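The structure appears right after this line, and notes come after that.
The values are calculated or read from the model by the stated rules, or taken from the named source; none is laboratory data. As the structure is a computational prediction, the values presented were derived from the model and not from experiment. Cβ placement follows ideal geometry from the backbone for every residue including glycine, while neighbour counts extend to all protein chains displayed.
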Amino acid sequence: MSRYDSRSGDPTSYRDRRSDSGFGGASAYGGSGRSLSSRKDYDAAEPPRKLDLDGLTPFEKNFYVESPSVAAMSEMEVEEYRQRREITVEGRDVPKPVKSFADVGFPDYVLQEVSKAGFVEPTAIQAQGWPMALKGRDLIGIAETGSGKTLAYLLPAIVHVNAQPILAPGDGPIVLVLAPTRELAVQIQQEAAKFGASSRIKNTCIYGGVPKGPQVRDLQKGVEIVIATPGRLIDMLDSHHTNLRRVTYLVLDEADRMLDMGFEPQIRKIVSQIRPDRQTLYWSATWPKEVEQLARQFLYNPYKVIIGSADLKANHAIRQHVDIVSESQKYNKLVKLLEDIMDGSRILIFM
């Protein structure tokens, strides 16, 4: 039995308290509407400083209970496992990695979705990232695209939501995921819908280039998880269609791309409206100086996990083929390749 079943199956658990129509009857939650300062405690050489939490309602964020099989792993076994899976870790009191889904202790309704998806074992980022995220600490994850990082933060997010008071009228989301592009935001929402459906956790995707009406209606009904691009979320905040007072779990996905696209001012404005004791998960495929500098300002006493090299630029699992042909043969070769590989998906051709 899952170590979370006592909460998820309890009549007072989130999914049983969650109304299908939207809001529950809980009282308002969170602090005032004032701007909240970001955190600046990313120096491993210094002890964590105390955050100013005056006026903020305490919340639960540490859910991890080490399984007997994980606890029995020796330091040598842990080191061998990390070396084999190219896992590098930094931080204080780093938890041991898990080798199976059962070791994590996810609720049964989450494990059922994992089983339905056909997953055999956690990916490297999940094996180390899940225990870190479930402990409630801030987390820096550096991993290439396709590493399984989306579920590395979404499944702990579901557990996090399940432990919080239900939304009251006027409440914003509990979980906020920022993504650089509409395409990535939609992909994240699809995973959130799949794995959060059985727990009645609702989500919406907020991005530009489409009418605001449906997005506004979702926000007004109340959703626990918001996946958003920074620009459209700022629009929603400025027009008072939502607020971030209830956000206790913040994810910045592909932080390096967001900075490359010039979203730093929007990110700072968004984060300034979130309580300082939130849990922040900061994901990037690369670790340039500007990405690290932003992490130092937003994260508090974080864990750091790197899969492969911190200098990752692309997914090394991608196979590259090179054909050398004459100029006169290029067009016919291209047509033949397109006939062979096109399946209705989009393709990018560099001329």
- request: Please indicate, with yes or no, whether at least one residue in segment 284-307 is touching a Lys or Arg at 6+ places or on another chain (Cβ under 8 Å), over 30 Å from Ala124 (Cα atoms) and either assigned to a loop (DSSP other than H, G, I, E, B) or modelled with pLDDT of 95 or more (or both).
  value: no
message: Quick test of your reading of the structure: Arg319 fulfils all but one of (1) modelled with pLDDT under 90; (2) in contact with a helix residue (DSSP H, G or I) (Cβ under 8 Å, 6 or more places away or on another chain). Name the failing condition by number.
response: (2)
message: So the check is Cβ under 7 Å with 6+ separation or different chains; which pairs have a first residue in segment 195-214 that's under 22 Å from Pro180 (Cα atoms) and a second one that's part of a loop (DSSP other than H, G, I, E, B) and of a type in the set (A, V, I, L, M, F, W, C)?
response: Lys202/Val223; Asn203/Val223; Thr204/Val223
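For the condition assigned to a helix (DSSP H, G or I) and surrounded by fewer than 23 Cβ atoms within 10 Å (Cβ to Cβ), what is the one hit in Gln187, Gln126? It would help to see each step written out before you state the result.
Numbers: Gln126 fails: surrounded by fewer than 23 Cβ atoms within 10 Å (Cβ to Cβ).
Step by step, each of Gln187, Gln126 is checked, and only Gln187 is assigned to a helix (DSSP H, G or I) and surrounded by fewer than 23 Cβ atoms within 10 Å (Cβ to Cβ).
Being within 26 Å of Asp260 (Cβ to Cβ), in a strand (DSSP E or B) and either touching a Pro at 6+ places or on another chain (Cβ under 9 Å) or polar (S, T, N, Q) (or both) narrows it down to one of Val177, Val226, so name that one. Even if it seems obvious, please write down each step before you answer.
Details: Val177 fails: either touching a Pro at 6+ places or on another chain (Cβ under 9 Å) or polar (S, T, N, Q) (or both).
Going through Val177, Val226 in turn, the sole match is Val226.
Yes/no matrix, rows are residues, columns are (1) out of contact with any Ser or Thr (no Cβ under 8 Å at 6 or more places or on another chain); (2) assigned to a helix (DSSP H, G or I); (3) among the basic types (Lys, Arg):
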| residue | (1), (2), (3) |
| --- | --- |
| Ser115 | yes, yes, no |
| Gly141 | no, no, no |
| Ala157 | yes, yes, no |
| Glu191 | no, yes, no |
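With respect to Gly141, determine if the residue is modelled with pLDDT of 95 or more and surrounded by fewer than 18 Cβ atoms within 10 Å (Cβ to Cβ). Spell out the reasoning first.
Details: modelled with pLDDT of 95 or more: yes; surrounded by fewer than 18 Cβ atoms within 10 Å (Cβ to Cβ): no.
When the stated conditions are applied, Gly141 does not pass them.
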